[in-house]
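Novice: Got a structure for you, written out below as structure tokens; questions coming shortly.
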Amino acid sequence: MSPTATTAPTIPPVFDPGHDPVRPELVAAIDRCWDELARPGTWWDAAAKAEIVVVARGARSGDRASECGLPGAARDIAALLAAAPAVTSETLVRAACDAIGEPHYVELVGVVARVVAVDTFLACLGHEPLAAPAPVAGEPTRTPPPDGIRRNHTWVAMAMPVPPFVLGAVPDAMAAMNDLSEPLYMPMSDMGDPDWRRGDLHRTQVELVAATVSHENECFY
Amino acid sequence: MLSWSAIETGRHVELAGIIDPAVDPGLPGGHELVALARRSCSRGVDRRPLDAAADVLGIAAAIDAAAVAANFQIMNRVVDATGLPIGRRRREENAGLIATLGLDGFPHAAH
């Protein structure tokens with residue numbers, strides 16, 4: 001569940017799929033994602049998260065944000081992750097972490113990844129991007145990273161070296177990512193089932209899409 | 001995961017179909033799913049690949065395929081941003097896939 005899913009909703013739903021039969025749980029997950037992006041996070045306030053969204057979108061459309069309240073290192077790495085994630089390197093990531101703090105970096109990764117995902121889904125359905133989240137006032141929680149996270153031949157500390165847990169240094173960011181990822185892809189509990197289906201789509205067809213996107217993004221993993 | 005799910009369920013997938021439009025991936029709607037996935041990585045709004053996939057698979061399946069494409073925009077970014085290594089065992093298990101798709105030329109192949 002998203003960290004905001006149990007709080008009283010103060011932001012109206014943003015995604016209207018029109019006549020398309022988008023699964024209700026996916027519509028709800030997109031709304032929760034946008035709600036979460038509008039709120040203060042663990043290390044970034046809501047205004048900064050909204051700026052990360054703008055930078056990420058600008059980078060993917062070929063525009064570089066000239067006026068931006070984010071630290072330069074945050075702006076640059078957000079743009080790179082949005083537009084060309086495979087170009088990251090340990091040197092670049094460590095430099096960004098040194099400049100803005102590793103937990104800030106981990107949270108930023110989650111924000112960029114989610115906004116690109118939502119924009120991608122809507123674009124495939126012929127929808128323009130959602131309006132950028134309207135920031136809600138408040139302070140970041142500054143919840144320290146949990147005990148037990150560590151680097152395991154990875155560039156940042158994480159809960160476990162598998163994709164659903166790579167943002168584990170910021171538990172709310174990890175939860176927000178998985179809250180969107182599972183309705184988009186598949187429930188974690190079904191990961192081990194090679195014969196899994198989502199309606200008429202068989203696991204092999206799901207993985208064909210996954211492999212093609214990963215190839216287009218030059219993602220070796 | 002593609003090779004694994006295909007082997008485990010007795011399906012044959014032509015991996016080269018991911019990179020070569022002339023090759024049939026071998027799954028129902030395979031061409032259309034690959035085209036939708038490719039287009040999802042491009043800029044701008046374009047519903048045509050979704051409609052093409054819907055013509056073959058139905059609109060609900062096409063939308064779910066678009067959702068999978070969106071999810072891998074997350075996954076690709078979080079693994080490349082955190083330096084998650086593939087590990088020696090998985091690299092060995094997927095040697096055929098890596099060779100067929102030319103993955104050794106990708107920036108993170110050495111990690």
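Novice: Can you name the number of the only condition in (1) on the phi < 0 side of the Ramachandran plot; (2) in contact with a Lys or Arg (Cβ under 8 Å, 6 or more places away or on another chain) that B:Leu33 fails?
Specialist: (2)
Novice: Look through the stretch A:155-195, keep the residues that are of a type in the set (Val, Ile, Thr) and modelled with pLDDT of 95 or more, and return whichever of them is nearest to A:Val209 (Cα to Cα). Give the derivation first.
Specialist: Narrowing the stretch A:155-195 to residues of a type in the set (Val, Ile, Thr): A:156, A:162, A:166, A:170.
In the following step, the residues that additionally are modelled with pLDDT of 95 or more were identified as A:156, A:166, A:170.
Details: A:Val156: 28, A:Val166: 22, A:Val170: 29 Å.
Ranking the qualifying residues of the stretch A:155-195, first place goes to A:Val166.
Novice: Sticking with this one: Of the residues that sit in the stretch A:87-101 and are surrounded by 20 or more Cβ atoms within 10 Å (Cβ to Cβ) and not in a loop (DSSP other than H, G, I, E, B), which one is farthest from the other protein chains (Cβ to nearest Cβ)? Outline the logic, then answer.
Specialist: Taking the stretch A:87-101 first, the residues surrounded by 20 or more Cβ atoms within 10 Å (Cβ to Cβ) are A:88, A:93, A:96, A:100.
Imposing the further condition that a residue be not in a loop (DSSP other than H, G, I, E, B) reduces the set to A:93, A:96, A:100.
Working: A:Val93: 6, A:Ala96: 9, A:Ile100: 13 Å.
Per the stated criteria, the residue is A:Ile100.
Novice: Now a separate question. Could you please tell me which pairs satisfy a Cβ distance under 6 Å, a separation of 6+ or placement on different chains, a first residue in the stretch B:11-30 that is over 19 Å from A:Val206 (Cβ atoms), and a second residue that is modelled with pLDDT under 95 and assigned to a loop (DSSP other than H, G, I, E, B)?
Specialist: These pairs meet every condition: B:Val23/B:Glu14.
Novice: Find all pairs meeting these conditions: Cβ atoms under 8 angstrom apart; at least six residues apart or on different chains; first residue within the stretch A:126-142 and under 16 Å from A:Glu51 (Cβ atoms); second residue loosely packed, with under 13 Cβ neighbours inside 10 Å and at pLDDT 95 or above.
Specialist: Listed pairs, sorted by first residue: none to list.
Novice: From the list B:Leu36, B:Leu50, exactly one residue is under 17 Å from A:Val213 (Cα atoms), part of a helix (DSSP H, G or I) and touching a residue at least 24 places away in the same chain (Cβ under 8 Å). Which is it?
Specialist: B:Leu36
Novice: Looking at (1) closer than 24 Å to A:Val213 by Cα; (2) surrounded by 21 or more Cβ atoms within 10 Å (Cβ to Cβ), can you tell me which one A:Ala74 breaks?
Specialist: It is condition (1) that A:Ala74 fails.
Novice: Kindly provide the set of residues from the stretch A:30-52 that are closer than 22 Å to A:Glu102 by Cβ, assigned to a helix (DSSP H, G or I) and touching a Lys or Arg at 6+ places or on another chain (Cβ under 9 Å), ordered by number.
Specialist: A:Glu36, A:Leu37, A:Ala46, A:Lys49, A:Glu51, A:Ile52
Novice: Across the stretch A:187-219, which residue is nearest to the chain's Cα centre (by Cα) among those that are under 15 Å from B:Glu8 (Cα atoms) and in a loop (DSSP other than H, G, I, E, B)?
Specialist: Ranking the qualifying residues of the stretch A:187-219, first place goes to A:Met191.
Novice: Okay, moving on. Could you pull out the residue among B:Ala67, B:Ala60, B:Ala52 that is closer than 20 Å to A:His19 by Cβ and within 15 Å of the chain's Cα centre (by Cα)?
Specialist: On the way: B:Ala60 fails: within 15 Å of the chain's Cα centre (by Cα); B:Ala52 fails: within 15 Å of the chain's Cα centre (by Cα).
Answer to the check: B:Ala67.
Novice: Return the residues of the stretch B:16-33 that are in contact with a Gly (Cβ under 8 Å, 6 or more places away or on another chain) and either facing another protein chain (nearest Cβ under 9 Å) or part of a loop (DSSP other than H, G, I, E, B) (or both); say none if nothing qualifies. Can you show your working first?
Specialist: Our first condition is that a residue be in contact with a Gly (Cβ under 8 Å, 6 or more places away or on another chain); within the stretch B:16-33, this holds for B:17, B:19, B:23-26, B:30-31.
Matches in the stretch B:16-33: B:Gly17, B:Ile19, B:Val23, B:Asp24, B:Pro25, B:Gly26, B:Gly30.
Novice: Let me ask something additional. Is it the case that some residue within the stretch A:156-172 is among the hydrophobic types (A, V, I, L, M, F, W, C), more than 7 Å from chain B (Cβ to nearest Cβ) and in contact (Cβ under 8 Å) with a residue 60 or more places away in the chain? Full working, then the answer.
Specialist: First, pick out the residues of the stretch A:156-172 that are among the hydrophobic types (A, V, I, L, M, F, W, C): A:156-160, A:162, A:165-167, A:169-170.
Right, trim to more than 7 Å from chain B (Cβ to nearest Cβ) and you get A:157, A:159-160, A:162, A:165, A:169-170.
Restricting the remaining residues to those that are in contact (Cβ under 8 Å) with a residue 60 or more places away in the chain gives A:169-170.
Yes, there is a match, as at least one residue in the stretch A:156-172 is among the hydrophobic types (A, V, I, L, M, F, W, C), more than 7 Å from chain B (Cβ to nearest Cβ) and in contact (Cβ under 8 Å) with a residue 60 or more places away in the chain.
The values are calculated or read from the model by the stated rules, or taken from the named source; none is laboratory data. Predicted, not measured: the structure shown is a model, and the values here were computed from it. Counting neighbours? That spans all protein chains shown, and the Cβs are built from the backbone with ideal geometry, glycine included.
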